[in-house]
Amino acid sequence: MKILKLPVTILLLTGLLSACNESSRTVEEKEAAATDTTAVQTDTTATSDTTASGTVQTAVQNLNLPAPDTTHKAEKRSIVVGWSGGKKPQAPAGFTVTKFADGLKHPRWIYVAPNKDIFVAESDDEEKSANRITLIRDTNNDGKPDMQQVFAYGLNQPFGMLVLNNSFYVANTDGIVQYPYKAGQTKLTSNGKKILDLPAGGYNHHWTRNIIPNADGSKIYVSVGSASNVGEYGMDKEQRRAAILEINPDGSGERIYASGLRNPVGMDWAPGTNTLWTVVNERDNLGDDLVPDYLTSVKEGGFYGWPYAYFGPKEDLRMAGKRPDLVKKTLVPDVALGAHTASLGLAFYKGTAFPEKYRNGAFIGQHGSWNRSEFSGYKVVFVPFRNGKPTGEPEDFLTGFIAEGGGSNVYGRPVGVTLLPDGSLLVADDEANTIWRVSAQQ
């Protein structure tokens, strides 16, 4: 989606309208507001009107969202042809792109352990998934693996991984499994314990489950995508879904940390803060340029709209009138990333090897569109940050995944992104079975 610049117009009537509506609220709504933290959280940098189209101001953008088209059925599927003839993704001047690893089967997500071991979840749709995790080591730090071997197999669509308190956690599509672990071991040799059941399955690849700890390791956050595009199977099928859950390391104490997040996948903590951020894959079939995927800070108790609204209180016409209370509470995300880009990967740059402009900013892997007349995504973008806040719009960082000629061919599809201890960036290209390394030229 091309983001349209408009003259700065911030709508200041929201508080006045809320006050006027206060007397008409039901007792149930007032009680809900009293216990819902989002009812009192506001962000003066992000506002929205209540119509389904029109102006929205995010933290860094003025967006003009088009009117929704509920008849929209556009479809353009990519055909992956792989990288040949020396082709590779393209980074800005001053960076070098090299192949870090290949011979993998659908490398979807990358996790770097505290001892610098690199773990790759090889996962896909149920009937195609390798259901394994591969261990990669670069012991001499030359940007080339010295070891690449299977670390765990027989899993169930694994995705998120975590080393914490002598345990190795795997986020399978149906739950979190905890294994005994010692730093440096090359295989999981003990049986794991399932500490948390999760609802499995999901619309259009919403099988991924990611995990991330807080700073002191006392909590783990779990992302779970929706079971549907827009609640079409019934909201009873969406329990504990379209949300980020919070649990203790033993799986106890579950609560919903934030909700209304259609498919949150990548999660990371903004450097120098205690603020969790996520990228969210938004809904389909409302138009080529609706609804933008987004990057957002995650407010505890916050509601982000799905399936009733989007980008603030812009009601989804397919759910009209069903939950006006939740429509009113919908928060505006911080940064729009373009519609149907399948923004999935997220990593803040916490190193020092890249130029100053990249430090503390966010890299986002965009897997690429299907519900759009022309491709969007299929690249890694960068969002600059300062003092834990975004300061500019997304800009292209790693491109060249779409083949020349304007057809349906693509060379690969980027997804997971993560930072190596030497400050270089790894990008999982799951459809090309490759991991790319992006490093700054010395």
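The values are calculated or read from the model by the stated rules, or taken from the named source; none is laboratory data. Worth saying up front: this structure is predicted, and the values here are computed from it rather than measured. Here the Cβ positions follow ideal geometry from the backbone for every residue, glycine too, while neighbour counts run over all protein chains shown.
The residues of region 127-157 that are under 27 Å from the mean Cα position of the chain (by Cα), assigned to a loop (DSSP other than H, G, I, E, B) and basic (Lys, Arg) amount to a single one, Lys128.
I'd like to know if region 283-291 contains one or more residues that are under 22 Å from Glu374 (Cα atoms), in a loop (DSSP other than H, G, I, E, B) and either modelled with pLDDT under 95 or among the basic types (Lys, Arg) (or both). Write out each step before concluding.
Taking region 283-291 first, the residues under 22 Å from Glu374 (Cα atoms) are 283-291.
Applying the additional criterion that residues be in a loop (DSSP other than H, G, I, E, B) yields 283-291.
Pick out the ones that are also either modelled with pLDDT under 95 or among the basic types (Lys, Arg) (or both) and you get 283.
Within region 283-291 (the criterion being under 22 Å from Glu374 (Cα atoms), in a loop (DSSP other than H, G, I, E, B) and either modelled with pLDDT under 95 or among the basic types (Lys, Arg) (or both)), the answer is yes, since at least one residue qualifies.
Please go through region 120-132 and pick out each residue that is closer than 23 Å to Ala342 by Cβ and of a type outside the set (S, T, N, Q). Before you say what the answer is, go through the steps one by one.
Kept after step one, since they are closer than 23 Å to Ala342 by Cβ, are these residues of region 120-132: 120-131.
Selection gives Val120, Ala121, Glu122, Asp124, Asp125, Glu126, Glu127, Lys128, Ala130.
Please specify each residue of region 158-168 satisfying the condition of being part of a strand (DSSP E or B) and under 16 Å from Val112 (Cβ atoms).
Met161, Leu162, Val163, Leu164, Phe168, listed by residue number.
Within the span defined as region 86-103, every residue fails to be without any contact (Cβ under 8 Å) to a residue 40 or more places away in the chain, surrounded by 13 or more Cβ atoms within 10 Å (Cβ to Cβ) and of a type in the set (Lys, Arg).
Residues that are modelled with pLDDT of 95 or more and among the acidic types (Asp, Glu) were ranked within region 356-408; the one that is nearest to Gly86 (Cα to Cα) is Asp396.
Could you list, ordered by first residue, the pairs with Cβ atoms under 6 Å in which the first is in region 310-330 and of a type in the set (Phe, Trp, Tyr) and the second is at pLDDT below 95 and assigned to a strand (DSSP E or B), at least 6 apart or interchain? Final answer for the pair search is Phe311/Ser48. Contact map, region 384-412: residues that are farther than 11 Å from Val335 by Cβ paired with residues that are assigned to a strand (DSSP E or B) and of a type in the set (Lys, Arg), Cβ distance under 9 Å, separation 6+ or inter-chain. Pairs shown: Asp396/Lys379; Phe397/Lys379; Leu398/Lys379; Thr399/Lys379; Gly400/Lys379; Phe401/Lys379; Ile402/Lys379. For region 204-214, check the following and say yes or no: at least one residue is buried (at least 21 other Cβ atoms within 10 Å of the Cβ), under 23 Å from Val417 (Cβ atoms) and either of a type in the set (Phe, Trp, Tyr) or free of Cβ contacts under 8 Å to residues at least 24 places away in the same chain (or both). Taking every residue of region 204-214 in turn, at least one turns out to be buried (at least 21 other Cβ atoms within 10 Å of the Cβ), under 23 Å from Val417 (Cβ atoms) and either of a type in the set (Phe, Trp, Tyr) or free of Cβ contacts under 8 Å to residues at least 24 places away in the same chain (or both). Are any residues in region 122-173 in contact with a helix residue (DSSP H, G or I) (Cβ under 9 Å, 6 or more places away or on another chain) and of a type in the set (Asp, Glu), and if so, which ones? Matches in region 122-173: Glu122, Asp124, Asp125.
Note on region 197-223: residues that are touching a Ser or Thr at 6+ places or on another chain (Cβ under 9 Å) and hydrophobic (A, V, I, L, M, F, W, C) amount to 5.
Every residue, every condition in (1) crowded, with 17+ Cβ neighbours inside 10 Å; (2) not β-branched (Val, Ile, Thr), yes or no:
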{"site": "Ser123", "(1), (2)": "yes, yes"}
{"site": "Glu126", "(1), (2)": "no, yes"}
{"site": "Ser129", "(1), (2)": "yes, yes"}
{"site": "Ile133", "(1), (2)": "yes, no"}
{"site": "Lys144", "(1), (2)": "no, yes"}
{"site": "Gln149", "(1), (2)": "no, yes"}
{"site": "Gly154", "(1), (2)": "no, yes"}
{"site": "Tyr169", "(1), (2)": "yes, yes"}
{"site": "Thr173", "(1), (2)": "yes, no"}
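Output the residues belonging to region 60-71 that are assigned to a loop (DSSP other than H, G, I, E, B) and either among the basic types (Lys, Arg) or crowded, with 16+ Cβ neighbours inside 10 Å (or both). Reasoning before the result, please.
First pass over region 60-71, keeping only residues assigned to a loop (DSSP other than H, G, I, E, B): 60-61, 66-71.
Within region 60-71, Val60, Gln61, Pro66, Pro68 meet the criteria.
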